[in-house]
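Coordinate-derived values only; no laboratory data. These figures come from a predicted structure and were not determined experimentally. Here the Cβ positions follow ideal geometry from the backbone for every residue, glycine too, while neighbour counts run over all protein chains shown.
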């Protein structure tokens, strides 16, 4: 039987505002426990929430970038449940009047561009952090847990897709496109390790010839791209097996365990929460005027799709290059900085997609934190053009710059990597090589053009790569005569 | 006349003229507290030492700097659900028995700016849920007019303290009548301001869309002075309104000529006692004789106020009280094996019966399948009530009614009948639902128990209700005091044991 | 209006994290039904098209600027806590997740 998976994603993104959603506490990550806490986010009796204007502005931007309709009248609701990381006993969230709805995000898959519909975009507040005692740090084995409220109240954006995704690969592409978009908008650093981008998935499986959706499960804790694919793969397989055997999928919430690569049942539908949403009486409603929406629209930066087109048209880059460079805002910005300083965009692109990207990956470094700046790269490219270094030497110069952050000229001079430009010196070496390689010179003279390459290589070897291959080529030809 | 028996503005004048020191006034009130408190139980916490120290500091300040503010040094009772930094704030609940706020409510900050003088944290129904001050972990407060009777609630401690001379003025809070009804039952003045006029920051929430802080005083002038001190926009409260605050004492003009007064027949309900009805009618006649125009009118949806209120208020409360879970502060049950057990035990031990009842009621009204029938419907009724008042105020300047349908009832009389208890607030609740201001002034007695007249005004038109109340007060001349004139009143052994028996929070 | 059964009392108690003795449950069911019988009268009203009021104030868009304010000191944060470990609030075992 042929089965098709249907996947919807629910992502939570911490906004990079300076202060929390409803109070003035700092949102900086990694401070000692309970040092970024005030009466409001600790839910002290009598305290009242105050909406952070910036968080609303960021949400408007995201909703616009996701092509959503902006709700002109929206409200916060209380979502009621007890959990030790939720100090008020309710989360201030949005319910039937979210800020944005009915949008979409275009993603590029192997089968071309696809629209993934966005169901809703809304604002809420993050919860505190639980630290579980015991050796494993796993909740079920801890005898007690400790609560740190530093993250509690950090502005959180919830973005929910329609069930438009079909494969774990597509889900991954969607999440990475979404992350890229949010980074373009500069509303979140989307750091999955620090929990500023988190993801849950709704998954169901149906027979290929069916229209209606199968029973879905919700899988939580997909907090890295790897976990996302692994969990989806596991869950799809699990459901397929059950259905193939004629079984029934239980509607439930499941937890992905990264150590076993499996999903396990957390709670069934019968145990589902009754959140008892009602309008938050401590906050007044939001009225998002057309003017405000227009301002938001004007403040949007160039988004990845538009940038890709411009890179192709403006810089004459192939689609592949444009796609790769714009898949992260930092890389795109890096490229454009370089392009201001150096006139051959494709050469820049080659270096960025090649050596730069592999070094970044190998050292797990973000573009922004790289020691190599656009100035480094373009200065180096100019040295190549001026014939000071060869393209081959440039690779080691680049690596040296990447590791130390020193300027290319310094590196070249200190390591004596300057190209041998002295024709007399080179002519001497060429003569030596001719004398030492009778067979190859003979072959060349007899018309075997390929022998020339061997001889060039031999000269390069003697110079340890510091010679200009074109120059050697010319000198060899002159010496050997002929074509 | 004893110092404890004087009005706030009289004492303020004497203090300013240096005819009396704040320390003397404080001592007089503390003496009164010492002698009466075992009987009345107006306070959960008395600040005996602190208030005397503060009084000396204020005297020194007055001697050095001169001009005291209108509330400077007037012994004040603060309802125990208004957060006072470093001073225990229990909300009348076991769950906050040892709770020490780390910040001051905005009203407290404003009062500190005036160098106010808190003498204690006043007793109240637990989390302001009640109409009799019997629902306190610290035992019931008794009505100074008749100690067999309740002082009303939930600000019963505040009202009784002002009536008995255990405080000159008091802070209360009003969600469904909690300032006005006890003021009425204790023969004092109680003002519930317009929703949004006084900051709620630091007021422990019962029902956030209805709660409002206000003064309980001995006369209308004190109420106006007090309102001057606490009204005004606060950036810490999103529901606080930005507007020019008038000097409310300027509204104290004894003139109601040409004023149009409506009498909603829905507030002269069946359950209104004959003597209460008579007193209110006489009060109306007095106002008419002073030149006001007065007629009966109808606000048809007011009859559904109680229903809407007893859905909306418990629903909001069920969420507001979820934070008392034993994790961050307050009582925590011992020996729980897991978090759910800890929650259940903590909350079941920490909350009293009425609070639990309302949490259950509110949780039910919001739960899946019932939201629309209860909460949704109640919000629509609220719209209709707001509209009724809006229409009435196109025609009338103020509306008047009894504050409470009855005079003070006996302690224990209604504790087992929640619905009967809820009916005590039938005349005050519509005002909270509409968010408008109202004041209760004494307008007579029945068998030695005070009756209150409620005067309701347009949103943010506290001036007109103060003016009507002031005029009425001038001409009606309610000059009676509770029969506790003997400062050295001795308790019988029976009375002592009664007080000690009541209130688990007292037995420790 | 439907009447609250004892089972419903138990369900609501679970949602509200409260526990009651059998006797209390019986009594509560009676009292809640009494109150709801009165309060439930409004569900008979035909007011479908009336907009709900959750705020009496005509206010919208009340904001705070994204500017930091001082947090509490650790001492203040933990002042009223029942149990503290390593500057965190300590709670008993959590059985299930989220």
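Overview of results
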{"read-out": "Radius ratio Rg over Rh of segment A:3-296, counting only Cα atoms, Kirkwood formula for Rh", "value": "0.96"}
{"read-out": "Gyration tensor (alpha-carbon) shape descriptor, chain C, a/c threshold 1.5", "value": "oblate"}
{"read-out": "Average Cα contact separation per residue, chain A, under 8 Å, 6 or more apart, as relative contact order %", "value": "14"}
{"read-out": "Mean Cβ neighbour count within 10 Å, used as a protection proxy, ranking A:146-158, A:389-401 highest first", "value": "A:146-158, A:389-401"}
{"read-out": "Anisotropy class of the protein assembly as shown from Cα gyration tensor, a/c 1.5 cut", "value": "prolate"}
{"read-out": "Neighbour-count order for C:60, B:471, B:26, fewest beta carbons within 10 angstrom listed first", "value": "C:60, B:471, B:26"}
{"read-out": "Counting DSSP beta bridges with both ends in the protein assembly as shown, the antiparallel % (nearest 5)", "value": "80"}
{"read-out": "Helix A:391-404 axis, angle to chain A major axis (alpha carbon atoms, nearest 10°)", "value": "40"}
{"read-out": "0 to 90° range, to nearest 10: angle between helix C:22-39 axis and chain C longest Cα axis", "value": "70"}
{"read-out": "Mean residue ellipticity (222 nm) of the protein assembly as shown, computed from DSSP H runs ≥ 4 via -39,500 (n - 2.57), nearest 500", "value": "-12000 deg cm²/dmol"}
{"read-out": "Gyration tensor (Cα) of segment A:321-371, equivalent ellipsoid semi-axes in angstrom", "value": "17, 11, 11"}
{"read-out": "If the convex hull is drawn through the Cα atoms of segment A:304-415, its volume per residue in Å³", "value": "91"}
{"read-out": "Over chain B, equivalent-ellipsoid semi-axes from the Cα gyration tensor in Å", "value": "30, 30, 22"}
{"read-out": "Relative intensity, log₁₀ I(q)/I(0), of segment A:16-119 from a Debye sum that treats every alpha carbon as a point, q = 0.21 Å⁻¹", "value": "-1.16"}
{"read-out": "DSSP-defined beta bridges in segment B:1-146 - what % are antiparallel, rounded to 5", "value": "50"}
{"read-out": "R0 of 25 Å, Cβ-Cβ distance residue C:46-residue A:96: FRET efficiency to nearest 0.05", "value": "0.65"}
{"read-out": "Estimated FRET transfer efficiency when R0 is 45 angstrom, pair residue B:410-residue B:1 (beta carbons, to 0.05)", "value": "0.90"}
{"read-out": "Beta bridges per DSSP with both ends in chain A, % antiparallel, nearest 5", "value": "90"}
{"read-out": "Residues A:7, B:216, B:62, sorted so that the one with the fewest Cβ neighbours within 10 Å comes first", "value": "B:62, A:7, B:216"}
{"read-out": "Global geometry of segment B:415-454, whether rounded, prolate or oblate, following the gyration tensor of its Cα atoms and the 1.5 cut on a/c", "value": "oblate"}
{"read-out": "With Cα atoms, 0 to 90° folded angle of helix A:374-385 axis to chain A main axis", "value": "20"}
{"read-out": "Computed over segment A:158-285, Kirkwood Rh from alpha-carbon pairs, angstrom", "value": "16.4"}
{"read-out": "For segment A:423-480, alpha-carbon Rg and Dmax in angstrom", "value": "10.2, 29"}
{"read-out": "Rg followed by Dmax, in Å, when segment B:304-380 is reduced to its Cα trace", "value": "14.3, 46"}
{"read-out": "Rel. contact order, % - alpha carbon contacts under 8 angstrom, at least six apart, chain B", "value": "19"}
{"read-out": "Whole-Å semi-axes of the ellipsoid equivalent to segment A:78-123 (Cα gyration tensor, √5λ, descending)", "value": "34, 13, 6"}
